[in-house]
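Heads up, the thing below is written out as structure tokens.
The values are calculated or read from the model by the stated rules, or taken from the named source; none is laboratory data. The structure displayed is predicted, hence computed values, not measured ones. Note that each Cβ is placed from the backbone with ideal geometry, even for glycine, and that neighbours are counted across all protein chains shown.
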């Protein structure tokens with residue numbers, strides 16, 4: 001693998017972090033959603049990151065080739081019940097199930113995604129500079 | 001080895017290969033900064049360079065997990081500071097290698113041009 005392969009690695013991380021930020025945005029946007037196609041209130045979503053690997057020349061040494069989002073899983077926390085008897089989605093006792101989403105938690109997650117994105121973007125810059133420098137040999 | 005390859009250019013080639021390889025590992029560490037259970041990887045630059053120079057050809061460098069890093073609760077031990085520092089260092093090493101290689105080729109060119117500049 002050459003230096004261009006490094007761009008793929010950092011690119012995979014940029015993509016994964018952006019998807020993570022999208023999931024956080026969806027969680028925040030659906031904080032008050034009580035109806036979903038699956039029925040019931042919206043469930044908070046988590047992303048699951050997994051390493052991408054490729055076997056090297058020897059089978060025993062595996063080469064990391066970046067990261068990918070393997071799955072987006074719903075949170076298992078029970079919904080929050082609020083007493084709103086007038087609400088169309090209220091149950092027989094007058095309680096409405098709202099998604100268990102903590103905005104502070106989501107913001108922290110979003111901040112983590114932003115930082116990681118920036119870090120990988122600077123890795124791309126570093127790699128680009130190295131490629132450009134190797135062109136200097138020809139001059 | 002062709003007639004234009006010198007000892008120095010061969011050495012610098014190995015040096016640049018290793019620097020690029022290490023850069024790749026660092027990029028992968030940074031990419032996996034949020035992957036649960038991921039362990040930071042690195043090579044022993046000095047030992048690998050010595051090995052490449054004595055053994056001649058350059059086999060794939062040996063990749064090790066980095067010792068002595070603090071592991072987070074999710075099993076990941078990538079240190080942001082360590083990786084940023086190493087990335088800067090590797091970038092400079094690469095630059096040094098490129099500059100030295102250029103100088104070497106200029107020296108050759110000087111010999112070809114019988115000492116005239118340019």
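Some notes on this structure:
- Residue B:61 meets the conditions (1) at pLDDT 90 or above; (2) surrounded by 14 or more Cβ atoms within 10 Å (Cβ to Cβ); (3) outside any helix (DSSP H, G or I) in every case but one. The failed one is (1).
- Unmet requirement for residue B:102, which otherwise passes all of (1) more than 10 Å from chain A (Cβ to nearest Cβ); (2) free of Cβ contacts under 8 Å to residues at least 40 places away in the same chain: (1)
- Taking the conditions (1) more than 14 Å from chain B (Cβ to nearest Cβ); (2) crowded, with 17+ Cβ neighbours inside 10 Å in turn, residue A:123 satisfies each one other than (1).
- Flag for residue A:118 being in contact (Cβ under 8 Å) with a residue 40 or more places away in the chain and either away from every other protein chain (no Cβ under 14 Å) or outside any loop (DSSP other than H, G, I, E, B) (or both): no
- Residue among A:109, A:8 that alone is outside any loop (DSSP other than H, G, I, E, B), within 11 Å of chain B (Cβ to nearest Cβ) and in contact with a helix residue (DSSP H, G or I) (Cβ under 6 Å, 6 or more places away or on another chain): A:109
- Tallying residues that are in a helix (DSSP H, G or I) and either more than 7 Å from chain B (Cβ to nearest Cβ) or within 19 Å of the chain's Cα centre (by Cα) (or both) within segment A:128-139 yields 4.
- Positions within segment A:84-106 being under 19 Å from the mean Cα position of the chain (by Cα), part of a loop (DSSP other than H, G, I, E, B) and without any contact (Cβ under 8 Å) to a residue 24 or more places away in the chain, in sequence order: A:102
- The strands (runs of 3 or more DSSP E) located wholly in segment A:34-83 that include 2 or more residues which are modelled with pLDDT of 90 or more and within 21 Å of the chain's Cα centre (by Cα) occupy A:45-55, A:62-74.
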